[in-house]
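Peer 1: There's a structure below that I have some questions on.
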Amino acid sequence: MQLKGKRILLGVTGSIAAYKSAHLTRLLVKEGAEVQIIMSTSALDFITPLTLATLSKNPVYHQFHDPNTGVWTNHVDLGLWADLFLVAPISANTLGKFANGLCDSLLTATYLSARCPVMVAPAMDLDMYQHPSVKQNLEKLVSFGNLILDAESGELASGLSGQGRMMEPEHIINKVLKHFKPSQAFAGKKVLITSGPTQEAIDPVRFISNHSSGKMGAAIADSFAIQGAEVHLVLGKGAIRPENPNIKIHPVVSAQEMHDKAASLHPSVDIVVFAAAVADYAPKQVASEKIKKAGEEMSIELVKNVDIALTLGKEKKHHQIHVGFALETENEEFHAKEKLSKKNFDLIVLNSMRDTGAGFQSETNKVRIFAEDGTAVNSEVLPKKEVAQLILERIKALPVKI
Ligand code: PMT
C-alpha cells in the first residue's frame, strides 16, 4: 500500500493499449491510491467507462457535463485534486494537443489546468512513434516539466514489431512508486525540534500560556522523519503529536524545562528548528496554594524566561543549522530579520498574525523564509505539511553544511 493517501488522475485516450488501463487501474488501487479517470471520446471505442468505474470505484468522466443530469464536471477541480496526472495510454493525437495547448475536451482542459506533476505513456505504431512531429511533441512535453514513460518495444497491433507499445502497467507502477518515494536527504542526521506552547505556573490551578497547537512543529517533525532523520521533539503540554511513531517525544511544561531538555540534546544534533511558542516571562513566584479571590485588582510580578534559541545560538557549532520562527503582528520583516541575526539562526520562518490562514491553530500557514545571506522565499497559504516541506527544501539548499 505504498500509494495510500495519494490521489491519481488517470487519463485514457484512444489507442488499442487502452485495454491495459484496466490492469493499471487495478494496480494503482491495490497500492492504496485513490483513482479518478478521464477518458477521451475515442478511448470509449476501446474500453468501457463501466469497466474503469468498477475498478477505480469512482465515476469515470469523459465530457464537460453529464447529459443525463446536466451536472458540470469541473476540470479545474480535477486538476487541483490530483497529486499526479498520469495519461496512459496517450495517443499521438492527444500528445499533439497537449504539446500545443489545444483544449477541445475535458481531458485536454484538465491537462492545461493541472498543477500537479504529469506523466504520459505514449502508445502508437512504429512509424508514428518515430515521426519527427511526435518526437518534437514529446520534447515539448519534457520542456514543460512532464515526465515521459517511453514506449516499449515488441509486437505492435499492426503486426509490425518495434518501439511503440505502451509501457507495461507493472513498469508504470514502478515509475509512479519511485515518483512518490520520499527523498532520504536527512538520513544519518539528528534533528531537534521545539514545538507547542509553554505553560508558566501561577499557582497549582492557573498558568500563563499561548495559543500554539503544535501543528506546525509536528508537521516539521514528520517531514524530517519521512526523509530519514532521527527526530527529537521537545513538546509543550497539550500540543499535537506527530504521526510518525519513530519520533522521540520529550514532554515538557515550562520554558525552563524546554530549555533544559533542548540544551541536553543540543550538542549531539545537526539541525535545530525552534517552532515552539515560548513564554517570554513567567511569574516570579509560584503560589503553593490556589490564590484566593480578594481585592478589585491584583498583579503578578513576572521575570524574564530563558531564551532557548538565543542561549543555544551562542553554543552553535560550525556544522549545526539553527532555524527559528518569528510570529509577528507588525513590522514583520524588520523584526524577523532582527531575530535572525540576534539569535544566530541560519534561517528564520516568519508567520504573521495579519495573514489569514497563518500562525496559531490553523491547518495552514503562510510564511516568508529569510536566510542569513539575505535571500528570501515566500509561500502562499498552504497546509502546514507543505510549509514544513518548503522549510526542509530551504535547509537542503543551505551552503556547505548539508
Ligand atoms: O503551534 P501552531 O498552532 O501550529 O502555530 C505555529 C506557531 C505560530 C507557534 C509557529 O509557527 C511559530 O511562529 N513559533 C514561534 C513563536 C514565537 O514564539 O515566536 P517569537 O517571535 O516570539 O520567537 C522567535 C524565536 O525564538 C522562535 O523560534 C521561538 O521558538 C524562539 N524563542 C522565543 C522565546 C524564548 N524564550 N525562547 C525561544 O526559543
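The values are calculated or read from the model by the stated rules, or taken from the named source; none is laboratory data. This structure is a prediction, so every number in the text was calculated from the model and none was measured. With ideal geometry, Cβ positions are generated from the backbone for all residues, glycine too; neighbour counts draw on all protein chains shown. Protein only, heavy atoms only, side chains kept; ligands, DNA and RNA dropped before computing areas. Shrake-Rupley method; radii C 1.70, N 1.55, O 1.52, S 1.80 Å.
Listed here are the residues, each with its yes/no results for (1) away from the ligand (no atom under 11 Å from the Cβ); (2) open to solvent by 60 Å² or more (accessible area, probe 1.4 Å); (3) within 24 Å of Ser195 (Cα to Cα).
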| site | (1), (2), (3) |
| --- | --- |
| Pro283 | yes, no, yes |
| Glu296 | yes, yes, no |
| Thr311 | no, no, yes |
| Gln320 | yes, no, yes |
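Peer 1: Now for a separate question. Across segment 50-62, what is the number of residues that are within 15 Å of Ala17 (Cα to Cα) and of a type outside the set (Ser, Thr, Tyr)?
Peer 2: Residues that pass the stated criteria total 1.
Each row is one residue, and each column tells you yes or no for (1) within 10 Å of the ligand (Cβ to nearest atom); (2) modelled with pLDDT under 95; (3) under 40 Å from the mean Cα position of the chain (by Cα).
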site: Val272; (1), (2), (3): yes, no, yes
site: Ala277; (1), (2), (3): yes, no, yes
site: Val286; (1), (2), (3): no, no, no
site: Lys290; (1), (2), (3): no, no, no
site: Ile308; (1), (2), (3): yes, no, yes
site: Glu315; (1), (2), (3): no, no, yes
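Peer 1: Still on this structure: Any idea which residue in segment 191-224 is farthest from the ligand (Cβ to nearest atom), counting only those that are of a type outside the set (Val, Ile, Thr) and more than 18 Å from Ala276 (Cα to Cα)?
Peer 2: Pro204
Peer 1: Among residues belonging to segment 322-335 that are part of a strand (DSSP E or B) and among the hydrophobic types (A, V, I, L, M, F, W, C), point out the one that is farthest from the ligand (Cβ to nearest atom).
Peer 2: Looking only at segment 322-335, we keep the residues that are part of a strand (DSSP E or B), and these are 322-328.
Still in the running and among the hydrophobic types (A, V, I, L, M, F, W, C): 323, 325-327.
Values: Val323: 8, Phe325: 4, Ala326: 4, Leu327: 4 Å.
If we take residues in segment 322-335 being part of a strand (DSSP E or B) and among the hydrophobic types (A, V, I, L, M, F, W, C), then Val323 is farthest from the ligand (Cβ to nearest atom).
Peer 1: Just give me the residues in segment 190-204 being crowded, with 22+ Cβ neighbours inside 10 Å and either part of a loop (DSSP other than H, G, I, E, B) or under 21 Å from the mean Cα position of the chain (by Cα) (or both), in sequence order.
Peer 2: Residues satisfying the conditions are Val191, Leu192, Ile193, Thr194, Ser195, Gly196, Thr198.
Peer 1: Considering every residue within segment 7-28, establish whether at least one is open to solvent by 70 Å² or more (accessible area, probe 1.4 Å), in contact (Cβ under 8 Å) with a residue 60 or more places away in the chain and either outside the structural domain of Glu152 (by TED's automatic domain parsing) or assigned to a strand (DSSP E or B) (or both).
Peer 2: Yes, the conditions are met somewhere in segment 7-28.
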